[in-house]
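The values are calculated or read from the model by the stated rules, or taken from the named source; none is laboratory data. Everything numeric in this text was worked out from a predicted model, so none of it was measured. Here the Cβ positions follow ideal geometry from the backbone for every residue, glycine too, while neighbour counts run over all protein chains shown.
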Number of protein chains: 2
Amino acid sequence: MESESVLVMEEPLREFCVQVFEKMGIPEDEARITTDVLVTADLRGIDSHGVARLRRYVNGLRSGMMVAHPDVQVVVETPVTATIDAGGGLGQPVSHRAMEMAIQKALDYGAGFVTVRNSNHYGIAGYYAMMALEHDCIGISMTNAAVLVVPTFGRDAMLGTNPIAVAAPAGDEPPFVLDMATSTVPRGKLEVYHRLEKPLPIGWATDETGMPTTDAGRVLENLKTRAGGGLLPLGGAGELLRGYKGYGLAVWVDIFSALLSGAAYANLVYPKDEAGNPLPSAIGHFFGAWRVDAFRPVDEFKAAMDDLQRRLKNAPKAEGAERIYIHGEKEFEEAARRTKEGIPLNPKVAADLQAIGEELGVDWSV
Amino acid sequence: MESESVLVMEEPLREFCVQVFEKMGIPEDEARITTDVLVTADLRGIDSHGVARLRRYVNGLRSGMMVAHPDVQVVVETPVTATIDAGGGLGQPVSHRAMEMAIQKALDYGAGFVTVRNSNHYGIAGYYAMMALEHDCIGISMTNAAVLVVPTFGRDAMLGTNPIAVAAPAGDEPPFVLDMATSTVPRGKLEVYHRLEKPLPIGWATDETGMPTTDAGRVLENLKTRAGGGLLPLGGAGELLRGYKGYGLAVWVDIFSALLSGAAYANLVYPKDEAGNPLPSAIGHFFGAWRVDAFRPVDEFKAAMDDLQRRLKNAPKAEGAERIYIHGEKEFEEAARRTKEGIPLNPKVAADLQAIGEELGVDWSV
């Protein structure tokens, strides 16, 4: 599909990223957290959200859209909730802190929830949900995002791909990790189809009139120029396959991530500071944890989780199908393989990382 | 579409239902709650979940599948969580109680969550989520259900239509009320297409080999005889339109409703009592509430909710479309109309209610 990939091992890739973030002024502990979120995405095979995005963070920090030393403030706190103002910093460190707070509240009280405002792209939603697992908690994570998705019957993009991630621990089986954009596909998928000159399946995107289209290049261009159209919510256009459900899930994520926290929402009206200047960045996130034994003994729950997974996996297959998957299963298998064999980087991504290294004086010898 | 409907006013319909439940041995307060859940569905235009189901409750109570005087027990409780054993009673009264507990915990601590096991069909999920609204809380409600939905790449139904409902208060605009089955459509839609001899859209259901089909009668017959196939999750068959996301949402609902509470899950393995007898009924529900001001001042949140809704509704429309809806909006409009003009009952439903009245000596003069 693509030209030959560049195989890199996890550890040197991590060290490279940490040094890049440190050169951009990020404190070491936060550089390590941000790197871990990115490399975890690469390990799990979610290449679109891994180190391929390093350039965007470097550019964001250079332009001031992302603040290296943000003034992070807990603006509201109750026994089981909190709202954090991220001060326009990187999304990953503040999200890591917010999820840790949610987990601590869950350990203390049974459940905990933290919203974050004035933040930036936080990487894969699943990373934070999965932080709950080692504490025998169920984790949830949501974020709003750049405006790419059209509401049902709408012409223009009004919402982000607004992902939802839920992670629940199991016993002998891997944890359940649902990590899904609420659009049918993310923009990256259209880019792949465009490169391959393949027609899009109907149900992925609409053109500038709001009609379903197979023309990936046209959609991408329209999104760039804000000419109308965009990605479709899960369920596609109109009501036939219930695209309003995906649209509803996207609004739900907007409410929890942005309206509860005071972040920008819908077509991202950026909040302004006291002087009337738009804040540098303003998306919002939502994090939560429920302690399993606040509902049921952990061993009983985990035994049921194992049984649920086995029932599903061992169920009869549709004609021509070989396997029924559990959410997260493919990613755990991919992570095991890539940890051992290395992460295959797209050559363009590898070249870009090398260029970043040269710009910042960080050795690219992974 | 159907033959002429029978128009009934809300109040006499309520009184009829309350009397029917009382005749079946349900205490008056619980009869009123159960009736309110059913009639609210009818008012909101969700006819499939309204009084059309009264026969199933009467039969369930007669057969002992539903217990009129269940031994309801709070089996686990923490400051912000609880698990209730419903003792095989009607789903509505215990769900109402569970949601009230969740709301009280949210008022006391910021958030509250209650799971329920050994319960029965609880009506519309949105009813319970909406109970949070008057307390300036966001509500959530989920339930698992009879096995009708096939997992991605699977041949047999392994999950319920497992709905999720989320309700969030607004200011001048109506609240946001998402209330969605995680399957593309519920079984009732197939029944409508079958009656009208219309081919099903591809993406709604599969046949006994697990392949997408347009034959509603075949799917309904297969579901009855457990021959294979069933309803498709939101996103349809296979991976093209991301049916595995709908499948993942259904598993999430199963985990929260049934695995956390100790109810039956997946293809409903009914738990057994000490003597090894299957318990009469065993589905599970999940209820939750978050207090808005535990995150952000209520007036700010509501102003943002109003603005979000107006932005979406006023956004440019797709070619040929006249209106962009907010979730719950159609139902609030329908409820206003039906409260004033009456509820149009399908004549078969009206005849069945009359028959129930005759069987139990309750006057059907609505």
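Filtered by the rule that a residue be more than 8 Å from chain B (Cβ to nearest Cβ) and among the charged types (D, E, K, R), region A:308-321 gives A:R310, A:K313. The residues of region A:73-97 that are under 19 Å from A:R32 (Cα atoms), crowded, with 20+ Cβ neighbours inside 10 Å and more than 15 Å from the chain's Cα centre (by Cα), listed by number, are A:A86, A:G88, A:G89. Inspect all residues belonging to region A:150-163 and state whether any of them is under 19 Å from A:Y325 (Cα atoms) and either in the same structural domain as A:R226 (by TED's automatic domain parsing) or under 11 Å from the mean Cα position of the chain (by Cα) (or both). Within region A:150-163, none of the residues are under 19 Å from A:Y325 (Cα atoms) and either in the same structural domain as A:R226 (by TED's automatic domain parsing) or under 11 Å from the mean Cα position of the chain (by Cα) (or both). Taking first residues from region A:20-41 that are outside the structural domain of A:V94 (by TED's automatic domain parsing) and crowded, with 22+ Cβ neighbours inside 10 Å and partners that are among the acidic types (D, E) and part of a helix (DSSP H, G or I), the Cβ contacts under 6 Å between residues at least 6 apart in sequence or on separate chains come to A:A31/A:E22.
Tell me, yes or no, whether region A:184-191 has at least one residue that is within 23 Å of A:Y325 (Cβ to Cβ) and in a helix (DSSP H, G or I). Within region A:184-191, one or more residues are within 23 Å of A:Y325 (Cβ to Cβ) and in a helix (DSSP H, G or I). When every residue of region B:197-205 is checked against the conditions, none turns out to be in contact (Cβ under 8 Å) with a residue 40 or more places away in the chain and either within 20 Å of B:H121 (Cβ to Cβ) or surrounded by fewer than 18 Cβ atoms within 10 Å (Cβ to Cβ) (or both). Only one of (1) over 17 Å from the mean Cα position of the chain (by Cα); (2) more than 14 Å from chain A (Cβ to nearest Cβ) is not met by B:Y109, so which one is it? Here B:Y109 clears every test but (2). Return the total of residues in region A:331-366 being over 30 Å from A:E173 (Cα atoms) and among the aromatic types (F, W, Y). Number of matching residues: 1. Taking (1) without any contact (Cβ under 8 Å) to a residue 24 or more places away in the chain; (2) buried (at least 21 other Cβ atoms within 10 Å of the Cβ) in turn, A:V150 satisfies each apart from (1).
Within region A:278-289, can one find any residue that is within 8 Å of another protein chain (Cβ to nearest Cβ) and of a type in the set (F, W, Y)? No; the residues of region A:278-289 include none that is within 8 Å of another protein chain (Cβ to nearest Cβ) and of a type in the set (F, W, Y). Considering (1) out of contact with any strand residue (DSSP E or B) (no Cβ under 8 Å at 6 or more places or on another chain); (2) assigned to a helix (DSSP H, G or I); (3) surrounded by 15 or more Cβ atoms within 10 Å (Cβ to Cβ), the lone condition that B:R62 does not fulfil carries the number (3). Which residue pairs have Cβ atoms closer than 8 Å, lie 6 or more positions apart in sequence or on different chains, and pair a first residue in region B:325-347 that is within 14 Å of chain A (Cβ to nearest Cβ) with a second residue that is part of a loop (DSSP other than H, G, I, E, B) and among the hydrophobic types (A, V, I, L, M, F, W, C)? These pairs meet every condition: B:Y325/A:F153; B:E331/B:I46. Among the numbered conditions (1) in contact (Cβ under 8 Å) with a residue 12 or more places away in the chain; (2) assigned to a helix (DSSP H, G or I), the only one that A:V366 does not meet is (2). Considering every residue within region A:76-97, establish whether at least one is β-branched (V, I, T), assigned to a loop (DSSP other than H, G, I, E, B) and farther than 16 Å from A:A165 by Cα. Yes, that holds for at least one residue.
Identify, from the list A:G188, A:G160, the residue that is touching a residue at least 60 places away in the same chain (Cβ under 8 Å), more than 12 Å from every other protein chain (Cβ to nearest Cβ), out of contact with any strand residue (DSSP E or B) (no Cβ under 8 Å at 6 or more places or on another chain) and of a type in the set (G, A, S). After ruling out the rest, the residue left standing is A:G188. Scanning region B:133-183 for residues that are assigned to a strand (DSSP E or B) and either modelled with pLDDT under 95 or within 18 Å of B:A237 (Cβ to Cβ) (or both) returns B:V149, B:G154, B:D156, B:L159, B:S183.
Can you tell me which residue in region A:194-252 is farthest from the other protein chains (Cβ to nearest Cβ), limited to those that are among the charged types (D, E, K, R) and closer than 12 Å to A:T152 by Cβ? Checking each candidate, the answer is A:E239.
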